[in-house]
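Student: Below you'll find the structure I mean.
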Amino acid sequence: MNPTESVHALLFDLGGVMIDIDFGRVFAHWAEFGPYSATQIGQRFVLDETYHRYERGEIDDASFFDHVRRALDLDASDEQIRDGWNAVFVAQNEPVLGMVRQVSRS
């Protein structure tokens, strides 16, 4: 890019780029509601077509949570599954956010 050109937009992946994530936290939370340990849940949880449809916004929370509930034999409410799902977020990635702040000033 020519240094005289201005940047009009930057695209970032949120999870693992802007925000540090840890699926172990999700699995530990869900383990409280079923017969499997967090390690076993991590082995059983697959990024299947239902997961990808959820990530793309093609199915709602209730459909995804029902899928997780059935796949992992969880006796958990939608709220409990959501709480576990949201436990994936650990912290903001400060070095990346610093770069975004720097670019936003130019």
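The values are calculated or read from the model by the stated rules, or taken from the named source; none is laboratory data. Just so we're clear, the structure is a prediction, and the values are computed from it rather than from any experiment. A quick note on method: Cβ atoms are made from the backbone with ideal geometry, for glycine too, and the neighbour counts reach across all protein chains shown. Only protein heavy atoms, including side chains, enter the accessible area calculation; ligands, DNA and RNA are left aside. Shrake-Rupley method; radii C 1.70, N 1.55, O 1.52, S 1.80 Å.
Student: Which cross-chain or sequence-distant (5 or more) residues have an amide H under 5 Å from the amide H of Ile21, H modelled 1.01 Å from N in plane?
Tutor: Gly16, Val90
Student: Can you tell me how the chain classifies by the Cα gyration tensor, rounded, prolate or oblate, using a/c under 1.5 as the rounded cut?
Tutor: Prolate is the answer for the chain, as a/c is 1.5 or above and a/b outweighs b/c.
Student: Ok, one more. Given a 1.4 Å probe and heavy atoms of the protein chains only, how would you sort Leu72, Leu97, largest accessible area at the top?
Tutor: Leu97, Leu72
Student: For Ser63, what accessible surface area do you get with a 1.4 Å probe? Give it in Å², rounded to 10.
Tutor: In the full protein context, Ser63 sits at about 60 Å².
Student: When only C-alpha pairs under 8 Å and at least 6 residues apart count, what is the relative contact order of the chain, in percent?
Tutor: Result for the chain is 40 percent.
Student: Cut-off 11 Å, label point 7 angstrom out along Cα-to-Cβ of Ala71: give me the residues of the stretch 26-53 whose amide nitrogen falls inside.
Tutor: Answer for the stretch 26-53: 42-53.
Student: Mean residue ellipticity at 222 nm from the helices of the chain, using -39,500 (n - 2.57) per DSSP H segment of n ≥ 4 over the full residue count, to the nearest 500 deg cm²/dmol?
Tutor: That comes out to -14500 deg cm²/dmol.
Student: Another question, then. Give me the 1.4 Å probe accessible area per residue for the chain, excluding ligands and nucleic acids, in Å².
Tutor: Heavy-atom accessible area per residue stands at 67 Å².
Student: At 1.4 Å probe size, put Phe23, Phe89 in order of accessible surface, largest to smallest. Walk me through the numbers on the way to the answer.
Tutor: Details: Phe23 60, Phe89 90 Å².
Ranked from most to least accessible, the order is Phe89, Phe23.
Student: I've got another one for you. In whole Hz, with x marking every Gly and Pro, tabulate ³J(HN,Hα) for the stretch 53-63 from phi via Karplus 6.51 cos²θ - 1.76 cosθ + 1.60, θ = phi - 60°.
Tutor: 5, 5, 4, 8, x, 8, 10, 8, 4, 4, 5
Student: Given labels modelled 7 Å from the Cα in the Cβ direction, how far is it in nm from Ile59 to Met99?
Tutor: Label at Ile59, label at Met99, 3.4 nm between them.
Student: Just to make sure I understand: if all protein chains stay in place, what is the order of Arg105, Arg69 by accessible area at 1.4 Å, largest first?
Tutor: Putting Arg105, Arg69 in descending order of accessible area: Arg105, Arg69.
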